[in-house]
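Comments concern the structure below.
The values are calculated or read from the model by the stated rules, or taken from the named source; none is laboratory data. Being a predicted model, the structure only gives us computed values, none of them experimental. All Cβ positions, glycine included, derive from the backbone under ideal geometry; neighbour counts span all protein chains shown.
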Amino acid sequence: MGNVEIPTGYVVNVVLGLMIVTIMVTLISVLLGSLRKTKALNQLEIMTDELDRQRKENIRLQDELKRIISMDKILFASMIRLTSRLNPKEIARETTSLLVEYLHAEEIAILLADNRARRLTIVDQRGLQDDWIPKLVYELDNGERKGKAGVCFEKKLPIGERESRVLNIKEPYPVFSPTVCFPLFYQNKSFGVIAITRKGDMTERERNLIGVVSSIVGVALNNTQSFADITYTAQTDPLTELFNIGYFKEVLADELNRAKRFQHVLSVTIIDLDNFKLYNDTYGHQAGDQLLVQTARIFRKHFDTTDTIARYGGDEFIVMCPEMSKGDVAKVVDDLRHSLETYDFTRGTDKINVTFSAGIASFPDDGMNTKDLIKSADSALYDAKDAGKNIVKTYQPRVEKI
């Protein structure tokens with residue numbers, strides 16, 4: 001067989017085809033590599049951004065944790081201060097300051113009940129107009145003047161906007177419409193209300209915080225009442241409800257120090273009812289007790305609130321009058337003697353007149369301390385008794401005969 005001759009053009013075309021295929025393969029490989037590199041770079045950037053975001057979030061969380069820890073320390077310190085207070089107004093001020101630190105509130109008011117628990121008045125606040133505060137009184141016996149605060153006090157439950165709509169509560173004062181009220185109580189004793197006005201809903205943490213604060217304030221207010229009851233019992237004569245002699249001597253010592261510092265006079269008078277034993281023997285000890293109670297009431301009407309009246313013991317009374325001389329006190333006591341003498345203490349068909357004798361001594365002339373001053377007043381009282389009773393005597397120093 002003869003040799004087959006391949007056309008030159010065919011060979012060229014094959015070579016060119018192979019070269020094109022090779023170039024295409026190379027280009028595709030380069031392109032794929034570039035895409036893989038770009039994708040890797042993009043993934044790296046994404047990972048870098050994510051790590052940076054997480055780092056910033058960690059820093060934010062750490063700052064928030066520090067803030068919460070700091071606030072919790074403040075809260076704990078405030079709670080300690082609250083429970084150590086023994087004055088309702090101090091407790092109210094402490095509570096307001098604490099809530100201002102934690103809540104974004106426009107208005108905060110602490111309302112406490114009066115002794116009869118029939119009305120609530122504001123004792124401390126933030127954000128209210130001062131000229132309106134005395135007028136914001138919530139009457140518990142008047143349905144139109146209760147508002148959320150009054151209902152909250154009576155039910156011992158938090159009252160917010162939802163509860164207000166359900167119970168159809170109307171606010172009596174347009175200048176103060178609290179968003180939510182929390183009761184201040186301990187066991188079965190209600191003391192008052194925390195009333196708060198703010199925009200927006202409260203978070204669960206905020207509501208829990210106010211709940212904890214109101215509970216602790218309730219305990220603190222109960223402590224003040226218990227302390228007041230104990231103090232009253234320790235200072236007061238149970239029959240006449242005047243001060244007892246122990247408390248009188250404490251006050252007298254304080255007033256004497258003040259009189260020495262500011263160079264003021266101070267007088268003490270001891271008053272002893274005349275013939276009280278005979279009255280007791282005639283009408284009985286219960287009648288005698290009632291006579292002492294009535295006499296104590298009359299005494300209160302004749303002395304100023306700055307004076308201190310105490311039961312000295314039995315049928316004796318003692319009174320301290322700051323910044324009054326013996327002569328001035330003698331006029332007051334003599335007026336009292338006249339009022340008592342003409343007072344009708346009728347028992348059945350018997351018309352009874354009660355009289356007393358009194359002795360008066362003054363600082364600095366008649367004594368520089370409580371013991372000497374009381375001793376001088378007592379000496380003057382004996383002079384009054386010796387002079388025939390129903391008389392007022394001022395202390396006169398004894399002049400020894402040579």
Practice item. Identify all residues within the range 336-382 that are of a type in the set (Ser, Thr, Tyr), in contact (Cβ under 8 Å) with a residue 40 or more places away in the chain and surrounded by fewer than 21 Cβ atoms within 10 Å (Cβ to Cβ); write none if there are none. Key: Ser339, Tyr343, Thr355, Thr370
Revision key, fill the gap. The residue from Thr282, Thr308, Thr355, Thr342 that alone is among the polar types (S, T, N, Q) and touching a strand residue (DSSP E or B) at 6+ places or on another chain (Cβ under 7 Å) is Thr308
Practice item. Kindly indicate which of Thr269, Thr224 is assigned by TED's automatic domain parsing to the domain that holds Val319 and among the hydroxyl-bearing types (Ser, Thr, Tyr). Key: Thr269
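Let me confirm something: among Leu273, Leu242, which residue is buried (at least 20 other Cβ atoms within 10 Å of the Cβ), farther than 17 Å from Ile360 by Cα and aliphatic (A, V, I, L, M)? Walk me through how you get there before you give the answer.
Values: Leu273 fails: farther than 17 Å from Ile360 by Cα.
None of the others qualify; the one that does is Leu242.
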Study note, to complete from the structure: If you go through Lys385, Lys389, the only one that is part of a helix (DSSP H, G or I), surrounded by fewer than 23 Cβ atoms within 10 Å (Cβ to Cβ), assigned by TED's automatic domain parsing to the domain that holds Glu316 and at pLDDT below 95 is Lys385
Exercise for review: Please go through the range 191-210 and pick out each residue that is more than 14 Å from the chain's Cα centre (by Cα) and either at positive phi or surrounded by 16 or more Cβ atoms within 10 Å (Cβ to Cβ) (or both).
Suggested key: Ala195, Ile196, Thr197, Arg198, Gly200, Met202, Glu206, Leu209, Ile210
Check your understanding: If Arg311 passes every condition in (1) more than 25 Å from Phe262 (Cα to Cα); (2) part of a helix (DSSP H, G or I); (3) within 40 Å of the chain's Cα centre (by Cα) but one, which one does it miss?
Key -> (2)
Point to revise | Answer from Ile159, Ile210, Ile196 - the residue that is without any contact (Cβ under 8 Å) to a residue 24 or more places away in the chain and in contact with a strand residue (DSSP E or B) (Cβ under 7 Å, 6 or more places away or on another chain) | key: Ile159
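This table checks each residue for (1) within 29 Å of Gln396 (Cβ to Cβ); (2) out of contact with any helix residue (DSSP H, G or I) (no Cβ under 6 Å at 6 or more places or on another chain).
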site: Val265; (1), (2): yes, yes
site: Thr269; (1), (2): yes, no
site: Gln290; (1), (2): no, yes
site: Asp307; (1), (2): yes, yes
site: Gly314; (1), (2): yes, yes
site: Pro322; (1), (2): yes, no
site: Gly327; (1), (2): yes, yes
site: Glu341; (1), (2): yes, yes
site: Gly367; (1), (2): yes, no
Check your understanding: Out of Asn275, Asn280, which single residue is farther than 22 Å from Gln235 by Cβ and in contact with a helix residue (DSSP H, G or I) (Cβ under 6 Å, 6 or more places away or on another chain)?
Key -> Asn280
